[in-house]
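Here the structure is laid out as structure tokens; the discussion comes afterwards.
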Amino acid sequence: MAASLGALALTAVIVPAAQAAGNSEVRAAASQATAHASKSASPKATAFSATGTADDQQGDTAISNVVVNGGKDVVLGTTAKKTVTVTFTATDNSGIDTSTGYAVLYHGTDIDHSDYGSVPSQQVGDANNCATTSATTATCTMTFTIDPHADLANAAAGSWKTWAIASGKDGDYSQRENVKTFGMKRYSKLTTNAGPEPVAKGKTLTVTGSLTRANWDNYTYAGYTNQPVKLQFKKAGTTTYTTVKTVTSSSTGGLKTTVTAAYDGYWRYSFAGTSTTPAVTSASDYVDVR
């Protein structure tokens, strides 16, 4: 790349139309994205047009210590937007040009074939995108606002990637297609209800519940089907839950099983989570055994 990294960044960054920045090259990319999205049957399609975005390196510039959302999965429900912060360290023996740090979040095999994504609130080329911490190092910080209504669909749940770029003051640069993966997950809910209450000792106790998760296609909560969920019990006066059995959720996310009542205590369901849905444990239900 003979051009400056500033120009590189402008041509490399993928930009959805809603967040086009104020320069001609970014606006051109946004226009292409708008044209692509307008042809889609789904208003939620996040179309990207990107070229020259794969890994590229010149000189000793390096990107490291990438942290997305504090190291936690990004979990969204059906309505509330979520702010996600991405930080990374950029190093170069000549120092870092703080205006060249930038990052993009995306879903797909690679950035050129991404189907969903998000760009930060910061503009390309903003000198405040990175803060100098030493003669050779800067910390870059990007802030993203992800809206389940505008940015996501059920197909977007799962593993996402982080594209990043930074440049040294001597023109060296590092462009990385995936410096960090993270989970984008559909918020989950779990309930427990044990009865009858009270119950005679030795009699049958029925424990029902429901496992649901956010549906990013229609903004409701729907049953998460055919999932293993642990039924757990904590005897009154103790502090530890013990797994009694594993129950599989029904076609509507329902849970139902029976146990023999033996002691006063607390019943709950616990779900370990999947690649698209976070772990969740229900509130407990106390049952008096007489």
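Scan segment 257-264 and tell me whether some residue there is part of a loop (DSSP other than H, G, I, E, B), in contact (Cβ under 8 Å) with a residue 12 or more places away in the chain and aromatic (Phe, Trp, Tyr). Scanning segment 257-264 turns up at least one residue that is part of a loop (DSSP other than H, G, I, E, B), in contact (Cβ under 8 Å) with a residue 12 or more places away in the chain and aromatic (Phe, Trp, Tyr). Here residue 215 meets each of (1) in contact (Cβ under 8 Å) with a residue 24 or more places away in the chain; (2) open to solvent by 10 Å² or more (accessible area, probe 1.4 Å); (3) polar (S, T, N, Q); (4) out of contact with any helix residue (DSSP H, G or I) (no Cβ under 9 Å at 6 or more places or on another chain) with one exception, condition (4).
For segment 158-198, the tally of residues that are modelled with pLDDT of 95 or more, more than 17 Å from the chain's Cα centre (by Cα) and open to solvent by less than 10 Å² (accessible area, probe 1.4 Å) stands at 1. When each of 257, 252, 208, 242 is tested for being open to solvent by less than 40 Å² (accessible area, probe 1.4 Å) and among the hydroxyl-bearing types (Ser, Thr, Tyr), the lone residue that passes is 257. A count restricted to segment 148-157 and to residues that are surrounded by fewer than 22 Cβ atoms within 10 Å (Cβ to Cβ) and outside any helix (DSSP H, G or I) stands at 1. Scanning segment 123-141 for residues being closer than 18 Å to residue 88 by Cβ and open to solvent by 40 Å² or more (accessible area, probe 1.4 Å) gives a total of 12. Against the test of being assigned to a strand (DSSP E or B), open to solvent by less than 50 Å² (accessible area, probe 1.4 Å), closer than 25 Å to residue 132 by Cβ and at pLDDT 50 or above, the options 66, 75 yield a single qualifying residue, 66.
Being among the β-branched types (Val, Ile, Thr), in contact (Cβ under 8 Å) with a residue 12 or more places away in the chain and open to solvent by 50 Å² or more (accessible area, probe 1.4 Å), is that true of even one residue in segment 89-112? There is no residue in segment 89-112 that is among the β-branched types (Val, Ile, Thr), in contact (Cβ under 8 Å) with a residue 12 or more places away in the chain and open to solvent by 50 Å² or more (accessible area, probe 1.4 Å). Scanning segment 113-122 for residues that are under 23 Å from residue 70 (Cα atoms), of a type outside the set (A, V, I, L, M, F, W, C) and surrounded by 21 or more Cβ atoms within 10 Å (Cβ to Cβ) gives 116, 117, 118, 120. Candidates 234, 245, 230, 189: the one that is without any contact (Cβ under 8 Å) to a residue 24 or more places away in the chain and under 16 Å from residue 268 (Cα atoms) is 245. Taking the criterion of being in contact (Cβ under 8 Å) with a residue 60 or more places away in the chain and not in a strand (DSSP E or B), the only residue of segment 130-147 that qualifies is 147. Counting just the residues of segment 265-290 that are in a strand (DSSP E or B) and closer than 24 Å to residue 157 by Cβ, which one comes out most open to solvent (accessible area, probe 1.4 Å)? Once the filter is applied, the top-ranked residue is 281. Among the criteria (1) farther than 18 Å from residue 116 by Cα; (2) surrounded by 22 or more Cβ atoms within 10 Å (Cβ to Cβ), the one residue 144 does not fulfil is (1).
The values are calculated or read from the model by the stated rules, or taken from the named source; none is laboratory data. The model shown is predicted, which means the values in this text are computed figures rather than measured ones. Neighbour counts run over all protein chains shown; Cβ positions are idealised from the backbone, glycine included. The protein model used for the area step is the full one, side chains on, heavy atoms only, and it has no ligands, DNA or RNA in it. Shrake-Rupley method; radii C 1.70, N 1.55, O 1.52, S 1.80 Å.
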